[in-house]
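*Asks:* If you scroll down you'll find the structure; I have some questions about it.
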Amino acid sequence: MNLILREKRKKGSNSSVRVGSLKVINHCLSTDKVGDQILDLCCNKFIEILGLRVLMPIFMKPTSIIGSKKDLNLVDEVEEHCLSVILALLKNSKTELKRRVLHKFVELDFEKTDRLIELHFKYSERLIKCDSLIKKERAQKLINDETINEEEFFMRRLTDGGLFTLQIIDHIILLVCSLYDDFMESTNDKSDQNSSSSNVTNKETVKSRIMKLINLHATTSVNHYKFIKNIMKNLANERDEDEKQKLLELIEEF
């Protein structure tokens with residue numbers, strides 16, 4: 001699958017084979033069975049065979065593997081697959097390999113972090129619009145004394161509203177911030193032992209970059225810092241106790 005993704009798409013081609021390959025990789029690496037040894041091995045192997053060199057360019061430019069730039073639904077699908085794979089790698093790969101994933105969000109002046117926040121704004125705006133429509137529909141149903149199907153509304157939020165993808169994005173945001181802090185602590189410990197090491201403590205952090213980007217949207221009516229936390233708190237309440245506790249710890253750190 002990785003080799004198929006490496007193949008350059010011919011100009012004008014409408015083939016979706018590369019999107020299919022990405023979907024297969026997502027299926028292999030994305031699961032709720034955290035701690036599954038086979039899943040861990042697959043995530044480690046993907047990084048070891050330089051899968052990030054293929055995945056990250058697609059993450060930055062989803063249209064690079066699809067036949068039509070006008071197919072917005074397919075763009076959303078590619079974004080979802082990329083994000084799901086990145087989340088799986090951050091959750092399940094071993095520490096030294098997680099650092100390679102994290103490095104992608106730091107290199108080239110944090111361009112991957114910028115892209116991540118760009119996607120957060122895209123899908124949060126979609127969810128807010130969807131919630132507004134649902135609110136109006138709920139009010140109208142109450143006026144007409146009609147039955148309200150909350151499950152149907154929730155499914156609309158997940159799909160049409162982009163909530164599912166937004167949950168993945170915000171989970172990644174919390175993880176990269178937490179992992180970067182751990183990475184910096186490890187780096188600082190080594191720098192204490194080697195005074196010739198570069199002074200990394202003065203460099204911009206992932207979280208400071210994220211907060212700067214969020215603050216650029218401070219003029220809007222949405223506090224995206226609180227918005228991210230609320231999205232993740234709601235997700236935590238849907239998970240089992242172990243996963244819930246991990247998410248709550250990430251939220252507290254953020």
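*Asks:* Less than 13 Å apart at the alpha-carbon level, and either on another chain or at least 8 residues along: which aspartates and glutamates does that give for LYS141?
*Replies:* GLU150
*Asks:* Now for a separate question. Rounded to whole Hz and in sequence order, give me ³J(HN,Hα) for segment 76-87 from the Karplus expression 6.51 cos²θ - 1.76 cosθ + 1.60, θ = phi - 60°, writing x for Gly and Pro.
*Replies:* These are the phi-based 3J(HN,Hα) values: 4, 5, 5, 4, 4, 4, 4, 5, 5, 5, 4, 4 Hz.
*Asks:* Which entries of LYS203/LYS244; LYS23/LYS129; LYS135/LYS246; LYS136/LYS226; LYS136/LYS207 have Cα-Cα distances beyond 30 Å here? If you can, show how the numbers build up before the last one.
*Replies:* Values: LYS203/LYS244 32 Å; LYS23/LYS129 28 Å; LYS135/LYS246 32 Å; LYS136/LYS226 24 Å; LYS136/LYS207 36 Å.
Pairs exceeding 30 Å: LYS203/LYS244; LYS135/LYS246; LYS136/LYS207.
*Asks:* Here is a further query. Subtract the Cα-Cα distance of LEU41 and LYS244 from 0.36 nm times their separation in residues, and report this length gain in nm to one decimal.
*Replies:* Numbers: separation 203, 0.36 × 203 = 73.08 nm, distance 2.40 nm.
Between LEU41 and LYS244, full extension yields an extra 70.7 nm.
*Asks:* Which order do ASP170, ASP71, ASP145 fall in if you start with the one that has the fewest other Cβ atoms within 10 Å? List each step's numbers first, then the result.
*Replies:* Details: ASP170 25, ASP71 16, ASP145 6.
Lowest count first: ASP145, ASP71, ASP170.
*Asks:* Still on this model: I need ARG239, ARG209, ARG115 ordered by Cβ neighbour count within 10 Å, fewest first. Each step should come with its number before you reach the end.
*Replies:* On the way: ARG239 14, ARG209 21, ARG115 17.
Fewest-to-most Cβ neighbours within 10 Å comes out as ARG239, ARG115, ARG209.
*Asks:* Counting only Cα, what are the radius of gyration and maximum Cα-Cα distance Dmax of segment 108-151, in Å?
*Replies:* 17.2, 56
Readers should treat all values here as calculations from the given coordinates under stated rules, not as data from a laboratory. Because the structure is a prediction, the values reported are computed rather than measured. With ideal geometry, Cβ positions are generated from the backbone for all residues, glycine too; neighbour counts draw on all protein chains shown.
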